[in-house]
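Undergrad: Before we start, here is the structure in question, set down as structure tokens.
The values are calculated or read from the model by the stated rules, or taken from the named source; none is laboratory data. Remember, predicted model here, so these are calculated numbers, not experimental data. No Cβ is skipped: glycine too gets one built from the backbone with ideal geometry, and neighbour counts run over all protein chains shown.
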Amino acid sequence: MAAALFVSGVISFAWIGLHVALMHWKPAQSRIGSITKGYLISIPCLYVAWRWLPLPGAIVKASAGQEPLMGLFHAYTLHLLLYFFYVEGFYHVERAVSLRFLIEILQHRSEHVRLAEIMERYNIGEMISRRLGVLEQYRYIEKAGERWHLQRKGKIFARLMQFSSWIFQSKGQSDRLK
């Protein structure tokens, strides 16, 4: 298992590091798409590393007697879990309004920031309009007159998220504040 953890860690952190560097150099329009492409490209690299990457002696000792196919299974499982962890971490930092507010307050010269100053930069109506525009651009929703409705892709994603919320018993922001 130690070899699986080592190899999976090396490959996962290599593609994650490469993704972070590329996002600084030339940000992708579809971040989830670029993350997933990097993960898919790294899948065969994991097998190559499993077969031929020289391992430190302590890891070789710890992995002695382990069934090779089981080790490879563990490596791919950890690699997949690290992919999900990276997606969640990336989007949490990217989209979390609370984190953005903390950074906004940090970047002000004084330690005391008034609500009006924050609201100048974060107009809620504009934020909602931009978010709806992005959903429309990627064909999750469609506007008919003054009303929005889900397209097929949006219905599938909404049902998946509704099921996920039910499984994890997660609540929306308005429900948490009650």
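Undergrad: Of all residues in region 112-154, which are over 19 Å from Ser30 (Cα atoms), part of a loop (DSSP other than H, G, I, E, B) and touching a helix residue (DSSP H, G or I) at 6+ places or on another chain (Cβ under 8 Å)?
TA: Val113, Tyr122
Undergrad: Could I ask something else about it? Looking at Ile118, Ile141 in this structure, which one is surrounded by 11 or more Cβ atoms within 10 Å (Cβ to Cβ), of a type in the set (Val, Ile, Thr) and at pLDDT 90 or above?
TA: Ile141
Undergrad: So if I check each of Ile59, Ile41, which one is at pLDDT 90 or above and either more than 24 Å from Tyr138 (Cβ to Cβ) or not assigned by TED's automatic domain parsing to the domain that holds Val134 (or both)?
TA: Selected residue: Ile41, the only one of Ile59, Ile41 that is at pLDDT 90 or above and either more than 24 Å from Tyr138 (Cβ to Cβ) or not assigned by TED's automatic domain parsing to the domain that holds Val134 (or both).
Undergrad: Separate question: Here's a check for you: in region 1-34, which residue that is among the polar types (S, T, N, Q) and crowded, with 20+ Cβ neighbours inside 10 Å is nearest to Val87 (Cα to Cα)?
TA: Ser12
Undergrad: Go over the candidates His112, His149, His108 one by one and state the one that is surrounded by 11 or more Cβ atoms within 10 Å (Cβ to Cβ) and either free of Cβ contacts under 8 Å to residues at least 12 places away in the same chain or within 27 Å of Ile16 (Cβ to Cβ) (or both).
TA: His108
Undergrad: Looking at this structure, is Glu117 among the charged types (D, E, K, R) and out of contact with any Phe, Trp or Tyr (no Cβ under 8 Å at 6 or more places or on another chain)?
TA: For Glu117, the condition - among the charged types (D, E, K, R) and out of contact with any Phe, Trp or Tyr (no Cβ under 8 Å at 6 or more places or on another chain) - is met.
Undergrad: Can you find even one residue in region 17-33 that is at pLDDT 90 or above and more than 30 Å from Tyr138 (Cβ to Cβ)?
TA: Within region 17-33 (the criterion being at pLDDT 90 or above and more than 30 Å from Tyr138 (Cβ to Cβ)), the answer is no, since none of the residues qualifies.
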